[in-house]
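The values are calculated or read from the model by the stated rules, or taken from the named source; none is laboratory data. These numbers were taken from a predicted model, which means no experiment stands behind them. Counting neighbours? That spans all protein chains shown, and the Cβs are built from the backbone with ideal geometry, glycine included.
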Amino acid sequence: MSGTNSGTLGGAPGASTEPGFDQSKRTWIAVTAGAGAVGGVAVAVPFVSTFAPSERARAAGAPVQVDISALKPGEKLTVEWRGKPVWIIRRTPEQLDSLKKTEPLVADPKSDRKQYPTPDYAKNAHRSIKPEVFVGVGICSHLGCSPSDKFATGAQPSLPDDWAGGFLCPCHGSTFDMAGRVFKNKPAPDNLEVPPHMYLSDTTLLIGEDKKA
Ligand code: FES
C-alpha cells in the first residue's frame, strides 16, 4: 500500500557553530519545516503530513508514491519514507555534467562500498534510474546529520573554490557531489544511500519498493 505524496520543494538554510562550517538543525524535520529558497527555488509545498492517517503506516515502512510531474530542472522535493527524508532532485544538464568533474575526487565513484549498498539500477555514473532524476536519502553516512544543499557552483564558505555543486554536511564538513557521492578524505565513510525505488509511470515514483509484488 502506498502513502500519499507530501513534500517540500527547496532545502536548508544554514548558519554556524563550528568555525568554517554552516550550522543547520541536526534533525531533518526541523530542516524541512524551516525550508527556504535555494538557488532561486521557492518553497512550494508545505510539509503537512504530521497528522495524516497514513503517517503510522509510512513510519512502519510502507512505500511512498510521489508525483514528480511539477519538479523542474534544478529543484528538489523531499518526502518522508521510514522516518527518513528522501530527496528527489531533477538535475540540470550542467549538474549532470559536473559528475564527470567530481568522479576522480570522490571516495567511491562506482558505489562499490557496502555500508549503504547502492541498488544495481543506480550503480552507474549518475546513481539513478533516469540520468536526470536523483533519488537519495538525505542523511549523512557519518553520524546522521542532514546535509545542506549547495547547488550553487564556485567559491563560497566551507567549500573549495572550484566547487561544482552538491551537498555539505554542516556537522563535520563532509561534502557530496550532485549524485550523493562523498568526496575523498571526509569523515563520512560512504555515499548517500539510494533507497529502493521504481517508476510507476513517467512522472510517478514509488519510494521503498523496487519490484512489483
Ligand atoms: S554527520 Fe555528516 S560529517 Fe559528521
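Listing for the model above:
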read-out: Residue count, the stretch 162-171 (criterion: within 15 Å of the ligand (Cβ to nearest atom), assigned to a loop (DSSP other than H, G, I, E, B), touching a residue at least 60 places away in the same chain (Cβ under 8 Å) and out of contact with any Gly (no Cβ under 6 Å at 6 or more places or on another chain)); value: 1
read-out: Criterion: surrounded by fewer than 22 Cβ atoms within 10 Å (Cβ to Cβ), modelled with pLDDT of 95 or more and more than 16 Å from the ligand (Cβ to nearest atom) - qualifying residue of LEU159, LEU105; value: LEU105
read-out: Residues being in contact with a helix residue (DSSP H, G or I) (Cβ under 8 Å, 6 or more places away or on another chain) and farther than 15 Å from GLU132 by Cα - total across the stretch 163-205; value: 4
read-out: Residue list for the stretch 134-150, restricted to those being surrounded by 23 or more Cβ atoms within 10 Å (Cβ to Cβ), part of a loop (DSSP other than H, G, I, E, B) and not small (Gly, Ala, Ser); value: CYS140, PRO147
read-out: Qualifying positions in the stretch 173-209 - assigned to a strand (DSSP E or B) and more than 14 Å from the ligand (Cβ to nearest atom); value: ASP177, HIS197, MET198, TYR199, LEU200, SER201, THR204, LEU205, LEU206, ILE207
read-out: Restricting the stretch 83-110 to residues that are assigned to a loop (DSSP other than H, G, I, E, B) and out of contact with any helix residue (DSSP H, G or I) (no Cβ under 7 Å at 6 or more places or on another chain), the residue that is farthest from ARG181 (Cα to Cα); value: THR92
read-out: HIS126 within 12 Å of the ligand (Cβ to nearest atom) and either exposed (fewer than 15 other Cβ atoms within 10 Å of the Cβ) or part of a loop (DSSP other than H, G, I, E, B) (or both); value: no
read-out: First in the stretch 179-193 and at positive phi, second anywhere and near the ligand (Cβ under 9 Å from one of its atoms), Cβ under 9 Å, 6 or more apart; value: GLY180/PRO147
